[in-house]
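Where a number appears in this text, it was derived from the coordinates with a stated rule and is not lab data. Since the structure is predicted, the reported quantities are computational estimates derived from the model, not experimental observations. Every residue, glycine among them, receives a Cβ derived from its backbone with ideal geometry; neighbour counts consider all protein chains shown.
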Amino acid sequence: MIKEIKDILNKTKRIGFFTGAGISTSCGIPDFRGEKGLYSYAKKKYSLPYPEAIFDIDYFEENPKPFFLLSKEMLSADVYPSLAHLAIADLEKSGKETIVVTQNIDMLHEKAGSENVINCHGSYTNGTCRKCNEKFSYSHFIDDILNSRIPKCNCGGVIKPDVTFFGESLPMDFYNLLERPPKLDIVFAIGTSLQVEPAASFVKYYLGKIPTVLVNMGETPYDRYFDYVVNMKIDDFFKEL
Ligand code: CNA
């Protein structure tokens, strides 16, 4: 099966990747669900009242500390991109037209060197003061996060990185993409349970239209709609590819 995927890849120019938490588990960042998932880990570690509180805007207003401690763990310099992140970035450098639509907020696609990345659940590239709405760039607040301090605006408000929390709308560039899906020759869904909407609609749009590949260890409710389903570790898949 991997040989067939490789043949298609060699012949095509426009490649889409839709990635989820599974692409970063080998970097030491847990995925969401499951016993070792981020939710139960964060709940225990930061004594959250309920696991989702870590990305709940009302809880953040009350206690932003757990979110910033988790951010420190994800963004620290000793978290490196996986072989899969690097392989995707290499494809772009080799001249293929690639687009990476990621649900992740760990910035590992950017760290790996990918340029055409849409962060559909937002990112740390910018932050906004919760009190006066002033905008700040990553360089303004990253030192605070890495040194376990809560970044603050001159007005005293907390600067919240523009990561999408529950109840917040997704970035405009993602909605634009859903409205005008780019022309692709092949699309991959990698390390995602495909359960979070509207993010997953990006890849679902292409099912039945172009070759579609799902690389995921666990089963998803959409396996049967993909042309190729590869149940193996993501880094091993890219190594073979
Ligand atoms: P999910 O629902 O946790 O699913 C992840 C999938 O990846 C599961 O089906 C696993 O079986 C699979 N998986 C895990 N590790 C591997 C591996 N090494 N090889 C193959 N498959 C593997 O996560 P989704 O991304 O689908 O859910 C969307 C959420 C998760 C988004 O809102 C993200 O923001 C959020 N999230 C992001 C991060 C991050 O930024 N790294 C971490 C945890 C959660």
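Here are the numbers for this structure:
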item: Nearest-ten-degree value, helix 2-11 long axis tilted from longest Cα axis of the chain; result: 90
item: Coil-residue trypsin sites (Lys or Arg not before Pro) of segment 125-205, DSSP, other Cβ within 10 Å capped at 14; result: Lys131, Arg149, Lys183
item: Residue exposure sequence - Val100, Val229, Val117 - by fewest surrounding Cβ within 10 Å; result: Val229, Val117, Val100
item: Packing-based ranking, highest mean first, of 187-193, 50-56 given that Cβ atoms within 10 Å are counted; result: 187-193, 50-56
item: Size-normalised alpha-carbon gyration radius of the chain, reference 2.2 N^0.38 Å; result: 1.03
item: Beta bridges per DSSP with both ends in the chain, % antiparallel, nearest 5; result: 25
item: Ranked Met107, Met172, criterion: other C-beta atoms within 10 Å, fewest first; result: Met172, Met107
item: Hull shadow area, averaged, segment 139-241 [alpha-carbon convex hull, nm²]; result: 9.8
item: Percent breakdown of C-alpha pair distances by 10 Å bin, ordered from the shortest bin, for segment 109-161; result: 25, 47, 24, 5
item: Least to most buried among Ser94, Ser82 (fewest other Cβ within 10 Å first); result: Ser94, Ser82
